[in-house]
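The values are calculated or read from the model by the stated rules, or taken from the named source; none is laboratory data. Please read all numbers here as calculations on a predicted model, not as lab measurements. Cβ placement follows ideal geometry from the backbone for every residue including glycine, while neighbour counts extend to all protein chains displayed. The protein model used for the area step is the full one, side chains on, heavy atoms only, and it has no ligands, DNA or RNA in it. Shrake-Rupley method; radii C 1.70, N 1.55, O 1.52, S 1.80 Å.
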Amino acid sequence: MICPLRSLLLVLALGMSTATATAADEQLQQVVLLSRHNLRAPVVASGALANATPETWPRWDVGAGELTTKGGVLELYVGRYMGQWLRQAQLLPATGCPQPGDFHAHANSLQRTQATAEFFVAGAFPGCHVAIEQRMALGTMDPLFNPVIHNGDTAFRKRALLAMQQALAASDLAPATSVLEQITRYPQSAACTGRSDCHLVLSDTTFSAEPGNEPRASGSLALASGLVDALLMEHYQGSGIPREGWGRLNNEAQWKALAQIRNRYQDILFGTPEVARDVAGPLLARVDVLLNDQASPKVSLLVGHDSNIGSLLAALAISDYSLPGQYEKTPIGGLLQFERWRDRHSGVERIRLAYVYPTTAQLRNAQPLTEAQPPGRVALRLPGCAARGCTVAQFQRLLHPAAR
């Protein structure tokens, strides 16, 4: 059985410090954090996973898709590190609990996202009562975080499906699916019963882009992505799995092949520009409001999913980036960090974007995030903007391309 860490008390004994975040000639004015929830059990139905291999999957002691106890510990580390970073940057008060104008958290209405936000707050503001906004009944998707198609136009649907099909056709995933078949022994699985030459053939994939629903894939691509997700979650869970992939998953090349499947799956469904801008529309609008409304808190935390981060990045035309030390493009516990900086001399404000994330090793080994062991941080170049960031006007043009 996969056994999550049982005690959160260890966290209380762990100290940390952060590097000073404020440049000499600039002052951080505001931060908007878009987070992916932390470590969860696989979300793919257990029956589909069981049928895709003759092996027995490790058991989880939480429900499908729920945050694990280890995931809570990992998010405490994220929250503690970020809380220290924000204080060092003089964006939050050095002591005491945050006031409503300092910090606000809003999470999707699922167990894993609400719990992630609670653990972040517990790490960032220990002993403080900070409410987490939940707009819908638990288990119901909040429209802000629900990555569904909004455009009901038939022509849009045809363009979306064509873009997904073309993205799949341009993907050379056959070597990666071969690696996955060897690890899972898919040809010997129940899914292949009665079929003499059974493989994960991506040409059987079909797509849907119906208004009110998420972009979806069915067939081998969706199954392969679900299998990789389960293997990744087990890898992060760590200590309870002595023999990963039933002893057949044991080198970096294999992991890179598996990650290619998972990353490409997300890119195909949520990364084509027109689909991404439609799906990410509510979050783009929220980021716009938060960065322009004088009444916005200094720090806003939005806790959602990999599809939220992936579609938002694609909508901003950011796709060619890598996260050293990570297999996933939108990793567990990662934060997309919008930063508004002001030049102390000229008063000019700029928007910057960074990806802050735990590395694969930090997740698997449950390493506290400290100045000596910081999370990964990658500055993301916003199109049409200088390396030091976008002016406010440039960022507005990115958010509202139709107004150009």
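Listed values, structure above:
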read-out: Solvent exposure of region 86-236 as accessible area per residue, Å², 1.4 Å probe; value: 45
read-out: Accessible area in the full protein assembly, largest first, 1.4 Å probe, for Leu110, Leu28; value: Leu110, Leu28
read-out: Nonlocal amide H pairs with Tyr327, under 5 Å, H built at 1.01 Å; value: Thr360
read-out: Per residue Cα convex hull volume in Å³ - calculated over region 169-273; value: 132
read-out: Listed peptides 313-322, 98-107 by packing density, highest first (mean Cβ within 10 Å); value: 98-107, 313-322
read-out: Carbon and sulfur %, accessible surface of the chain computed with the full protein complex present, 1.4 Å; value: 52
read-out: With all protein chains modelled, accessible area of Lys298 [1.4 Å, Å²]; value: 90
read-out: Spacing of the two label points (7 Å from each Cα toward its C-beta) at Ala169 and Ala155, in nm; value: 2.2
read-out: Accessible area (Å², 1.4 Å probe, nearest 10) - Tyr81; value: 30
read-out: Ranked by how many other beta carbons lie within 10 Å on average, peptides 257-264, 114-121, 225-232 from highest; value: 114-121, 225-232, 257-264
read-out: Residue-normalised accessible area of region 308-404, given per residue in Å² at a 1.4 Å probe; value: 42
read-out: Accessible area of Thr69 in the full protein assembly, 1.4 Å probe (Å², nearest 10); value: 50
read-out: Normalised convex hull volume, the chain, alpha-carbon set, Å³ per residue; value: 145
